[in-house]
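The values are calculated or read from the model by the stated rules, or taken from the named source; none is laboratory data. Values in this document were obtained by computation on a predicted structure and should not be read as measured data. Neighbour counts run over all protein chains shown; Cβ positions are idealised from the backbone, glycine included.
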Amino acid sequence: MATTFTWKPTYSTSEAVTTRVKVSSLGDGYAQRVGDGLNTQPLIYSLTFVDSSATIELINAFLEATGGVDYFNWTPSFGTSSLKFVYKSKTMTALGSGVYQLDTTFYQVFDLT
């Protein structure tokens, strides 16, 4: 059963879309393009969290529990409904005075369950 990511990023959220398209080159500069699958525009979010070590550890533990494999539900700041995401990378930085920063990237997934 999926869990819900509830923390709000500290700084502006960056949203990106990388389309999935198959291209067949036909020669003389011509090409044919078709979407690769049903969901050809997955969302990608870059997020930054700055908070106390306790809060950053909770976020880190949540992400590590999913292992980058299991999806979790999250409502992006640009959206109104919860979508399915996995994380693929994260970086933690100690800023001093008990303050930490966690940078991560969420990738939208389209699981059937």
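Some observations on this one:
- Tally of residues being out of contact with any Leu (no Cβ under 7 Å at 6 or more places or on another chain), surrounded by 11 or more Cβ atoms within 10 Å (Cβ to Cβ) and at pLDDT 90 or above across region 7-21: 1
- In region 80-112, the residues that are in contact with a Phe, Trp or Tyr (Cβ under 9 Å, 6 or more places away or on another chain) and either small (G, A, S) or exposed (fewer than 11 other Cβ atoms within 10 Å of the Cβ) (or both): S82, A94, D111
- Count of residues meeting criterion [touching a strand residue (DSSP E or B) at 6+ places or on another chain (Cβ under 9 Å) and farther than 17 Å from S82 by Cα] in region 18-45: 16
- Of all residues in region 27-47 being assigned to a strand (DSSP E or B) and surrounded by fewer than 16 Cβ atoms within 10 Å (Cβ to Cβ), the one that is farthest from the chain's Cα centre (by Cα): G27
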